[in-house]
Amino acid sequence: MRRRSAVDANQSTIVSDLRKAGASVVDLSSVGGGTPDLLAGYRGVNYFLEVKDGDKFKSQRKLTPAQVEFHAAWRGQICVVETVDEALRAIGAVK
């Protein structure tokens, strides 16, 4: 049985601010299997975002083995973000 994935404390703020910037956001954190936490659509482009909590110790922000495997196999982009600013830059909403 797969255990329920934990959602990082900063994820709801990142989702809210992405939406304020005009992005569509779908929370994928419950999908599992290393799938990134968020799918954001902005100006006709889709972005996978893996959210990590920058307030945690660096060792607690590492990708899980499943995430490493998913990232390696995925043929598109995936951005790992820790802050709202990083998420907005990842989708091109700010420079």
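What do you get for the angle between helix 11-20 and the principal long axis of the chain? Use alpha-carbon atoms, 0 to 90 degrees, nearest ten.
Its long axis makes an angle of about 20 degrees.
Hey, got the dipole for the chain? About the Cα centre, +1 on K and R Cβ, -1 on D and E Cβ, debye to the nearest 20?
So the magnitude is around 120 debye.
Can you sort TYR42, TYR47 by how many other beta carbons sit within 10 Å, fewest first?
Values: TYR42 18, TYR47 22.
So the residues, fewest neighbours to most, are TYR42, TYR47.
Counting each DSSP H run of 4 or more residues in the chain as -39500 (n - 2.57), what helix-only mean residue ellipticity at 222 nm follows after dividing by all residues, to the nearest 500 deg cm²/dmol?
My calculation for the chain gives -8000 deg cm²/dmol from helical runs alone.
Cross-link partners among aspartates and glutamates for LYS56, C-alpha distance below 13 Å, same-chain residues fewer than 8 apart left out?
List returned: ASP8, GLU82.
Cut-off under 20 Å on the C-alpha distance; same-chain residues fewer than 8 positions from LYS52 excluded. Which lysines are left, in chain and number order?
List returned: LYS62.
For a test of the definition: using alpha carbon positions, the gyration tensor, and the 1.5 limit on a/c, classify the range 23-91 as rounded, prolate or oblate. Before the final figure, lay out the partial values.
On the way: a/c = 1.84, a/b = 1.21, b/c = 1.52.
Oblate shape, in that a/c is at least 1.5 and b/c is the bigger or equal ratio.
Kindly put LYS95, LYS52, LYS58 in sequence by how many other C-beta atoms sit within 10 Å of each C-beta, fewest to most.
By the 10 Å Cβ count, ascending, the order reads LYS95, LYS58, LYS52.
Which percent, nearest 5, of DSSP beta bridges in the range 11-91 are antiparallel?
Roughly 70 percent of the DSSP beta bridges within the range 11-91 come out antiparallel.
No lab work stands behind these numbers, since they all come straight from the coordinates. Given the structure is predicted, the values throughout are model-derived calculations rather than measurements. When we count neighbours, we look across all protein chains shown, and the Cβ atoms used for this are built from the backbone with ideal geometry, even at glycine.
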